[in-house]
Amino acid sequence: MASVTLRNVSKSFGSVHVLSGINLEIADGEFVVLVGPSGCGKSTLLRSIAGLEEVSAGDIMIGVRRVNDVAPRDRDIAMVFQSYALYPHMNVEDNMSFSLKLRKESVSKIGTRVNQASGTLGLGALLERLPKQLSGGQRQRVAMGRAIVRDPKVFLFDEPLSNLDAKLRAQMRTEIKALQQSLGTTSIYVTHDQIEAMTMANRIVVLNEGVIQQVGAPLELYDKPANTFVAGFIGSPTMNFIEGVAGAKGEVKLADGSSIATGATSLKPGHEVTLGIRPEHLQLSGKGLRGEVQVIEPLGMTTQIAVKALGQQLTLMAMERTALSPGQPVHLSASSKHIHVFDRANGRRFALT
Amino acid sequence: MVGQSRVQRALSKIGFYAAIGAYVLFAIFPIYWTVKISVTPTRLLYTEGIKLWPSAMTMENYSAVLSATDFPRYFLNSLIVSISTSLIVTAIASLAGYALSRFQFRGKAVVSLLLLLTQTFPLVMVIPPIFRIMGSIGLTDNLYGLIVIYTAFNIAFATFLMQSFFDGIPKELEEAAMIDGCTRSTALRRIVLPLTLPGMGATISFVFTAAWSELLFALMLINSESQKTFSVGLLTFIGKFAVDWGQMMAASVMALIPVCIFFAFLQRYLVTGLTAGAVKG
């Protein structure tokens, strides 16, 4: 086990910057999730840590060793691929023992490790099967098994659950997290799915266009997003954004002339801002922002209501069942402590007081 | 099919098999006729007219070909040339195909284009210069010359074929192997190569057949009896005043045997190989 340190890591293809100035410290035993939209550089970053891609600048350290010029096989890492990348001509047992055989481990040690891993993952009865004879979930488990028999310093996961159906994905999510907790191996996990990121990570790293947007614990990112990108990316349904202009004492004037109270009392009057309100913090009330109900989506536990207000669509998540019908006029309000205020010019969050 | 009566269904089935039967008959008839003439005694060849099977059968033509002609020699020469060519071509094409499939390098597009261009020249056009070149370095009238020429002319297509097989093997497999502890070359040997065997089988059989049935170069470059391949040898049955049909057909039938054995052996690989190369997954 080891920590992973990235110092000023950059990568570019010609004039295209895939990664710029990535600084990240991953503690020993930590589960870190890299998340972002496709093309944000998260997979490239993971592959650079694995040694499958070269970086243009900066240092990659595993433990105290700088590994920029170390071949993938000598980095003591294991990786689980999105496509699983099981060797099609080898059975489950050979797939799992391949790395140990290459290391010339003793037959008895290989046997013990493979048995242990297949026991943990429930693959005992499948050892003789070829990958093509396995279901998606089983293949996923074999790929995990291949990683854990190694007992590596770091696990790398590249969107390992993307090819599974929703139910299996939720189940494997829990299994992977439980496994990581019991093994205590430092893990770096790439996904575009913010739910996976929220549920599995000790810390989440949000990337966009090759730049780290924010690093923090899941709820920290949810409660205090550093900018509009993170605010919009984390959370489902996504946060509502409303544009406005700051008035006095944290009041913000909206497009329809109404104003709304925020906690950002240090705002200079006249400053252009973007307000962010999560759907569960937007409430139906007797007064406030005027709007009209468009669509009602009952989900059982909650009810999702789309309201047209200020010429845009706002989403509201109500815990109670509602008697509303489409077309009905409503008023919306939100408590000032739940309104996020961002600078419209650069998207950054204003500290609330 | 839905909405058809039993009679209609039976009729369409009959039509289906009739069409297949006609197709197979059309494809197989020349071979059948070759076999038929090879077992017909020479005296009956013209006297019986057109009959589907002669009234008497003989193996004389076969024994005559094997004992009284140089055909065993031609046969051996063809075998040497075809096997050497197919092995050399497949070895080189595998390496080139792997490089084209996996590496990015300057001039890659140009290499592909040049390989493709070599396929567009009519062979007849390049025979005179090749004859001169081969003559001056002593490669006419021997089997080495043929192996060199056949290798050169088959390598482009074989390279594209192998490239498509390598393209069909996901890159992640090699990356996984390299993380598991392989160098690029051990990953190639232990992961990629076993998965490419069907592709190599397809390439070998393709090149073997091409070399086995080649006539033009063999005819131009070879003079001595001892160096002739069977395709050239077949022409010796055509004399100035007569054609020995029986022996020529017997020799042809025997020439088919290695190709048939080869394909029977490789058929499984050939079918899986060609589809695996064409469709990813």
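The values are calculated or read from the model by the stated rules, or taken from the named source; none is laboratory data. These figures come from a predicted structure and were not determined experimentally. Note that we place each Cβ from the backbone using ideal geometry, even for glycine, and neighbour counts take in every protein chain shown. Keep in mind that these areas ignore ligands, DNA and RNA; they rest on the heavy atoms of the full protein, side chains included. Shrake-Rupley method; radii C 1.70, N 1.55, O 1.52, S 1.80 Å.
A:Leu24: within 14 Å of chain B (Cβ to nearest Cβ) and either surrounded by fewer than 22 Cβ atoms within 10 Å (Cβ to Cβ) or without any contact (Cβ under 8 Å) to a residue 40 or more places away in the chain (or both), yes or no? Break it down into steps so the answer makes sense when it comes.
Numbers: within 14 Å of chain B (Cβ to nearest Cβ): no; either surrounded by fewer than 22 Cβ atoms within 10 Å (Cβ to Cβ) or without any contact (Cβ under 8 Å) to a residue 40 or more places away in the chain (or both): yes.
Answer is no for this residue.
Inspect all residues belonging to the range B:166-176 and state whether any of them is away from chain A (no Cβ under 14 Å) and not aromatic (Phe, Trp, Tyr).
Pass one, the range B:166-176, residues away from chain A (no Cβ under 14 Å): B:166-167.
From what is left, the residues that are not aromatic (Phe, Trp, Tyr) are B:167.
For the range B:166-176, residues away from chain A (no Cβ under 14 Å) and not aromatic (Phe, Trp, Tyr): present.
Show the residue pairs that are 6+ apart or on different chains and have beta-carbon atoms under 9 Å apart, the first residue being within the range B:177-199 and facing another protein chain (nearest Cβ under 7 Å) and open to solvent by 50 Å² or more (accessible area, probe 1.4 Å), the second being outside any helix (DSSP H, G or I) and polar (S, T, N, Q).
none
Can you tell me which of (1) in contact (Cβ under 8 Å) with a residue 40 or more places away in the chain; (2) farther than 25 Å from A:Pro88 by Cβ; (3) under 19 Å from the mean Cα position of the chain (by Cα) is the one A:Thr174 doesn't meet?
(1)
Taking the range A:86-109 as the search range and keeping residues that are away from chain B (no Cβ under 13 Å) and either farther than 11 Å from A:Val142 by Cβ or aliphatic (A, V, I, L, M) (or both), which one is most open to solvent (accessible area, probe 1.4 Å)?
Residue satisfying both the conditions and the ranking: A:Val107.
Condition first: part of a loop (DSSP other than H, G, I, E, B), open to solvent by less than 60 Å² (accessible area, probe 1.4 Å) and on the phi > 0 side of the Ramachandran plot. Can you find one or more residues in the range A:63-71 that meet it?
Yes: the range A:63-71 contains one or more residues that are part of a loop (DSSP other than H, G, I, E, B), open to solvent by less than 60 Å² (accessible area, probe 1.4 Å) and on the phi > 0 side of the Ramachandran plot.
Take the residues in the range A:27-51 that are under 25 Å from A:Ile148 (Cα atoms) and assigned to a loop (DSSP other than H, G, I, E, B), then tell me which one is most open to solvent (accessible area, probe 1.4 Å). Spell out the reasoning first.
Within the range A:27-51, the first condition is being under 25 Å from A:Ile148 (Cα atoms), and the residues that meet it are A:27-35, A:42-51.
If we keep only those that are assigned to a loop (DSSP other than H, G, I, E, B) too, we end up with A:27-30, A:51.
Details: A:Ala27: 52, A:Asp28: 94, A:Gly29: 27, A:Glu30: 25, A:Gly51: 20 Å².
So, considering only residues that are under 25 Å from A:Ile148 (Cα atoms) and assigned to a loop (DSSP other than H, G, I, E, B), the one most open to solvent (accessible area, probe 1.4 Å) is A:Asp28.
Out of the range A:216-235, which residues are outside any loop (DSSP other than H, G, I, E, B) and surrounded by 16 or more Cβ atoms within 10 Å (Cβ to Cβ)? Can you show your working first?
Our first condition is that a residue be outside any loop (DSSP other than H, G, I, E, B); within the range A:216-235, this holds for A:216, A:218-223, A:227-233.
Answer for the range A:216-235, where residues must be outside any loop (DSSP other than H, G, I, E, B) and surrounded by 16 or more Cβ atoms within 10 Å (Cβ to Cβ): A:Gly216, A:Pro218, A:Leu221, A:Tyr222, A:Asn227, A:Thr228, A:Phe229, A:Val230, A:Ala231, A:Phe233.
Pick from the range B:154-165 the residues that are under 28 Å from B:Val126 (Cα atoms) and surrounded by fewer than 21 Cβ atoms within 10 Å (Cβ to Cβ): which of them is farthest from the other protein chains (Cβ to nearest Cβ)?
Taking the range B:154-165 as the starting set, the residues that turn out to be under 28 Å from B:Val126 (Cα atoms) are B:154-163.
Applying the additional criterion that residues be surrounded by fewer than 21 Cβ atoms within 10 Å (Cβ to Cβ) yields B:155-157, B:160.
Details: B:Ile155: 27, B:Ala156: 29, B:Phe157: 27, B:Phe160: 23 Å.
Checking each candidate, the answer is B:Ala156.
Which ones in the range A:52-62 are away from chain B (no Cβ under 14 Å), part of a loop (DSSP other than H, G, I, E, B) and buried (at least 16 other Cβ atoms within 10 Å of the Cβ)? Give the derivation first.
Start the filter on the range A:52-62 by keeping residues that are away from chain B (no Cβ under 14 Å), which leaves A:55-61.
Subset that is part of a loop (DSSP other than H, G, I, E, B): A:55-56.
A:Val55 - this is the single residue of the range A:52-62 that is away from chain B (no Cβ under 14 Å), part of a loop (DSSP other than H, G, I, E, B) and buried (at least 16 other Cβ atoms within 10 Å of the Cβ).
Which one of B:Ala56, B:Ala68, B:Ala96 is of a type outside the set (Val, Ile, Thr), surrounded by fewer than 14 Cβ atoms within 10 Å (Cβ to Cβ) and touching a residue at least 12 places away in the same chain (Cβ under 8 Å)?
On the way: B:Ala68 fails: touching a residue at least 12 places away in the same chain (Cβ under 8 Å); B:Ala96 fails: surrounded by fewer than 14 Cβ atoms within 10 Å (Cβ to Cβ).
Exactly one of B:Ala56, B:Ala68, B:Ala96 is of a type outside the set (Val, Ile, Thr), surrounded by fewer than 14 Cβ atoms within 10 Å (Cβ to Cβ) and touching a residue at least 12 places away in the same chain (Cβ under 8 Å), namely B:Ala56.
Considering only residues of the range B:218-229 that are outside any loop (DSSP other than H, G, I, E, B) and touching a Leu at 6+ places or on another chain (Cβ under 9 Å), which is nearest to B:Val259 (Cα to Cα)?
To start, the set of residues in the range B:218-229 that are outside any loop (DSSP other than H, G, I, E, B) comprises B:218-221, B:225-227.
Now restrict to residues that are touching a Leu at 6+ places or on another chain (Cβ under 9 Å): B:218-219, B:221, B:227.
Working: B:Ala218: 18, B:Leu219: 21, B:Leu221: 24, B:Gln227: 20 Å.
The selected residue is B:Ala218.
Quick check on my filter: what residues within the range B:208-221 are touching a residue at least 60 places away in the same chain (Cβ under 8 Å) and either acidic (Asp, Glu) or touching a Ser or Thr at 6+ places or on another chain (Cβ under 7 Å) (or both)?
Of everything in the range B:208-221, those that are touching a residue at least 60 places away in the same chain (Cβ under 8 Å) and either acidic (Asp, Glu) or touching a Ser or Thr at 6+ places or on another chain (Cβ under 7 Å) (or both) turn out to be B:Phe208, B:Ala211, B:Trp212, B:Glu214, B:Ala218, B:Leu221.
Does A:Leu161 count as of a type outside the set (D, E, K, R), in contact with a helix residue (DSSP H, G or I) (Cβ under 9 Å, 6 or more places away or on another chain), open to solvent by less than 70 Å² (accessible area, probe 1.4 Å) and away from chain B (no Cβ under 14 Å)?
Details: of a type outside the set (D, E, K, R): yes; in contact with a helix residue (DSSP H, G or I) (Cβ under 9 Å, 6 or more places away or on another chain): yes; open to solvent by less than 70 Å² (accessible area, probe 1.4 Å): yes; away from chain B (no Cβ under 14 Å): yes.
Criteria met by A:Leu161.
Search the range B:1-25 for residues that are of a type in the set (Lys, Arg) and pair each with any residue that is not in a helix (DSSP H, G or I) when their beta-carbon atoms are under 9 Å apart and the residues are at least 6 apart or on different chains.
Qualifying pairs under 9 Å: B:Arg9/B:Met1.
Could you figure out which of (1) within 14 Å of another protein chain (Cβ to nearest Cβ); (2) touching a residue at least 24 places away in the same chain (Cβ under 8 Å) isn't true of A:Gly184?
(1)
Residues of the range A:236-259 being open to solvent by less than 80 Å² (accessible area, probe 1.4 Å) and modelled with pLDDT of 90 or more, which ones? Explain how you work it out, then say what you get.
Quick first cut of the range A:236-259, residues open to solvent by less than 80 Å² (accessible area, probe 1.4 Å) only: A:237-242, A:244-248, A:250-252, A:254, A:256-259.
Scanning the range A:236-259 gives A:Pro237, A:Thr238, A:Met239, A:Asn240, A:Phe241, A:Ile242, A:Gly244, A:Val245, A:Ala246, A:Val252, A:Leu254.
Which residues, counting only those in the range A:74-85, are within 8 Å of chain B (Cβ to nearest Cβ) and either hydrophobic (A, V, I, L, M, F, W, C) or free of Cβ contacts under 8 Å to residues at least 12 places away in the same chain (or both)?
A:Ile77, A:Ala78, A:Met79, A:Phe81, A:Ala85
Can you tell me which of (1) open to solvent by 40 Å² or more (accessible area, probe 1.4 Å); (2) free of Cβ contacts under 8 Å to residues at least 60 places away in the same chain; (3) under 19 Å from B:Ile179 (Cβ atoms) is the one A:Lys132 doesn't meet?
(3)
Take the residues of the range B:200-209 that are open to solvent by 20 Å² or more (accessible area, probe 1.4 Å) and under 15 Å from B:Ile92 (Cβ atoms): which is nearest to the other protein chains (Cβ to nearest Cβ)?
If we filter the range B:200-209 for residues that are open to solvent by 20 Å² or more (accessible area, probe 1.4 Å), which is where we start, we get B:200, B:204, B:206, B:209.
Narrowing the set further to residues that are under 15 Å from B:Ile92 (Cβ atoms) leaves B:200, B:204, B:206.
Values: B:Met200: 14, B:Ile204: 19, B:Phe206: 23 Å.
Residue satisfying both the conditions and the ranking: B:Met200.
Looking only at residues in the range B:230-245 that are touching a Leu at 6+ places or on another chain (Cβ under 7 Å) and not aromatic (Phe, Trp, Tyr), which one is surrounded by the most Cβ atoms within 10 Å (Cβ to Cβ)? Full working, then the answer.
Step one: list which residues in the range B:230-245 are touching a Leu at 6+ places or on another chain (Cβ under 7 Å), which gives B:231-232, B:245.
Filter once more, so that each one left must be not aromatic (Phe, Trp, Tyr): B:231-232.
Values: B:Ser231: 19, B:Val232: 22.
The extreme case among them is B:Val232.
I'd like to know if the range A:7-18 contains one or more residues that are within 14 Å of another protein chain (Cβ to nearest Cβ), basic (Lys, Arg) and farther than 25 Å from A:Lys177 by Cβ. Steps first, please.
First, the residues of the range A:7-18 that are within 14 Å of another protein chain (Cβ to nearest Cβ): A:13-14.
Within this subset, residues satisfying the condition of being basic (Lys, Arg) are none.
There is no residue in the range A:7-18 that is within 14 Å of another protein chain (Cβ to nearest Cβ), basic (Lys, Arg) and farther than 25 Å from A:Lys177 by Cβ.
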